[in-house]
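One structure is given here, and the rest of the page talks about it.
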Amino acid sequence: MPMPSTQIDTQFVNELLAATRDVFKTMVFQEVETASPIAGDALRPGANVVGTVAFAGKTSGIVAFYSTLEGAQAITAKMLGIEPANVNGELPDAIGELTNMIAGSFRTRMAGVRGETWAISVPTVTVGSAWVESNDWADSGDAAMPMLPARRRCAGHARSQAGQLRLLRADAGDHHGQRRHRPNGNRFGAQRGAGNVLHALNL
Amino acid sequence: MRFLIVDDSSTMRRIIINTLNKLGHQDVQEAGNGKEGLERLTSGAVDMIITDWNMPEMSGIDFIRAVRTTSNVKDVPVLMVTTNAAKDDIVEALKAGVNSYVVKPFTPETMKEKIEAVLPR
């Protein structure tokens, strides 16, 4: 039965939190501070850096990591073992990899607790400000996010010291048991890089 | 020991290099995909390959299959580092010729264990 739009699936949130903590602890060498999950369409994060990974299967949605530019620079520096002042062009790739690891770990955990098999996209990272809102991405033919659900719900998010992590989800009854699709050895979706996900940010 | 790291993410290459350096391994080459990895292998011998799965141009699986059919490098141990943790994925990788498998995120201790497990005794 579909959930009401404001109901939070605690299992999703808990597994996402666990995946986030694990990735931050092992790859960023930092603990994650968590806050209460936010239900519904409340709170638009004021972020300059957004990493997203879409997933599709019996359940479909997006894992999105939001951060300030300063936070993303600090995370990148920790991951690479360099000083934040020396972070330059590495930031999009690092945040993409961070989001990819969180989404991948989340997928593994959900497969363990629910037995669901999800395909996930390659990570996409947008760095910038003054984003344009849009509601028409689902019909836009935008190849960057081909599996985004037309009806989406915010299930919750985790908040790190440097940024926020939000999970969008929607039931997708037509994708039961879908195996990961690897055209050319890759997952579906867009390339790692900037500028592909503006439509996906309208929470 | 000489390592070849094949990963399209410069971040992951750097993380793996940092990890190998911590473990005392300094001789590390890099490649951004399987095709580049094969080119590196023709220009110099390596003792171990560490590769990602999902990469443009040539995936990690196709790269490993190519390595296993190339006479001078077919016996080089291969460690796959990926977020693909499903049982089917691991079976597919092992069938392609992977010696061991590291699921991201990983710790230096895990990397050390996996490297030691696939080294010739």
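The values are calculated or read from the model by the stated rules, or taken from the named source; none is laboratory data. Keep in mind that this is a model prediction, so the values were computed, not measured. As a convention, Cβ positions derive from the backbone with ideal geometry for all residues, glycine included, and neighbour counts pool all protein chains shown. Note: areas computed on protein heavy atoms with side chains; ligands, DNA, RNA excluded. Shrake-Rupley method; radii C 1.70, N 1.55, O 1.52, S 1.80 Å.
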Task: Chain-alone versus full-assembly comparison, segment B:1-28, residues with accessible loss of at least 10 Å² (1.4 Å probe) - done: B:Asp8, B:Ser9, B:Ser10, B:Thr11, B:Met12, B:Arg14, B:Ile15, B:Asn18, B:Lys22
- [ ] Please give the total accessible area that chains A and B bury against each other, computed with a 1.4 Å probe and expressed in Å² to the nearest 100.
- [x] 1900 Å²
Task: Residue mean of other protein chain beta carbons inside 10 Å, B:56-62 - done: 3
TODO: Under 26 Å Cα to Cα from B:Lys22, which lysines show up? Leave out anything in the same chain fewer than 8 places away.
DONE: A:Lys25, A:Lys78, B:Lys104, B:Lys112, B:Lys114
Task: Relative frequency of Cα-Cα separations exceeding 16 Å in segment A:80-123, percent - done: 50 percent
